[in-house]
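The values are calculated or read from the model by the stated rules, or taken from the named source; none is laboratory data. Nothing here was measured: the structure is a model prediction, and the numbers come from that model. Methodologically, a virtual Cβ is constructed for each residue, glycine included, from the backbone with ideal geometry; neighbour enumeration extends over all protein chains shown.
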Amino acid sequence: MNVQNLPDVATQNAPCLGPLDWVGMSDIALPLVLDGQRVQARVDIGVSLDDSGARGIHMSRLYLALGEELGGRPATLPVLRQLLQRCLDSHEGLSQSASLELRGELLLQRPALVSALSGYKAYPFEIAARLDPWGFHVELQAQVGYSSTCPCSAALSRQATQQAFARHFTDPLASFEDVHEWLGSQAGMPATPHSQRSQAHLRVRVTGEELPLVALLDEAEAALGTALQTAVKRADEQAFAIANGRNLLFCEDAARRLGHALQRQPWAAAYRLRVVHAESLHAHDAVATATWRWAPGSQTHVCDAPVKSLHG
Ligand SMILES: Nc1nc2c(ncn2[C@@H]2O[C@H](COP(=O)(O)OP(=O)(O)OP(=O)(O)O)[C@@H](O)[C@H]2O)c(=O)[nH]1
């Protein structure tokens, strides 16, 4: 049958009028390339339906644009912008804004702390991009897992060691060998500080050409100092214990470290972060959140607009 003979409901008048904020497709499977790696992503893509009387958008145009512009290709900011521009061009007169969300997991090979081993870690990420009359906006989200050792518990544990030492060594002239041996025994560490597997949830509005997902993950792990490990031998485990001892972290410390690290990045225009320490002392979590240049209630993400003038 000739395509001209097919009824096209989308071009008909809507039986019930009104503009719609977003119309599109959700959970489209799409391979793409991020930081040189192939990633299986899921995508939501859509446009606003600003023409109150139009029955529907043209979903096939968005679907085809997505595959042709982004499928199997490096996801850079210019590519995302071009894709969204194509969505708007194909909905001229109907839509003023186009947006997409990409979700997936990036697998990164991470070396052990000491040994020559390595393994893979999965980092969940989300990319949100939007093109509207106010500009082009891109937001990157990622999660980083790390270990947090409680500084309060560490101080109390050190005090317990001092008290045990004072009880054990009543002779002020105790020998180096005796003290050394005692420190290496279980009695020499009567208390251990509690630590917990923790999560940093990072949302960053990004500028520039590239999507700095690996840079974001690397900066966050470096700032925290106690990223979750992959392959671990005893030498690596001891190095991890030392790293935890050197990086005692309340949730407040973790949030501030991450904030300071992100503010130094040329690609970070604004951020919102949340750290969650799944306490082993309590049955509840310790949580800290922080924002920087993040307009309250804003859902969009500044990319090429002047950040300072919009967000102060
Ligand atoms: N707008 C809209 N389309 C839907 C929906 N659910 C499924 N579709 C289908 O999406 C398909 C593609 O729509 P269009 O892009 O308008 O397809 P088309 O008319 O062949 O393409 P164009 O000629 O480019 O407009 C149609 O077969 C619709 O039935 C929906 O809820 N809304």
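Would the stretch 198-221 turn up any residue that is within 20 Å of Ala154 (Cα to Cα) and either assigned to a loop (DSSP other than H, G, I, E, B) or in contact (Cβ under 8 Å) with a residue 24 or more places away in the chain (or both)? Yes, the conditions are met somewhere in the stretch 198-221.
A single entry from Leu49, Leu62, Leu32 fulfils the requirement of being farther than 16 Å from Gln96 by Cα and either near the ligand (Cβ under 10 Å from one of its atoms) or of a type in the set (A, V, I, L, M) (or both): Leu32.
Taken over the stretch 89-135, the criterion of being within 16 Å of the ligand (Cβ to nearest atom) and in contact with a Ser or Thr (Cβ under 6 Å, 6 or more places away or on another chain) is satisfied by Ser95 alone. Of all residues in the stretch 33-43, those satisfying the criterion of being surrounded by 13 or more Cβ atoms within 10 Å (Cβ to Cβ), more than 18 Å from Gln85 (Cβ to Cβ) and in contact with a strand residue (DSSP E or B) (Cβ under 7 Å, 6 or more places away or on another chain) are Val33, Leu34, Gln37, Val39, Ala41, Arg42.
Taking the criterion of being assigned to a strand (DSSP E or B) and modelled with pLDDT of 95 or more, would at least one residue in the stretch 112-119 satisfy it?
Scanning the stretch 112-119, I find at least one residue that is assigned to a strand (DSSP E or B) and modelled with pLDDT of 95 or more, so the answer is yes.
All of Glu92, Glu101 fail the test of being at pLDDT 95 or above, under 30 Å from Val23 (Cα atoms) and assigned to a loop (DSSP other than H, G, I, E, B), apart from Glu92.
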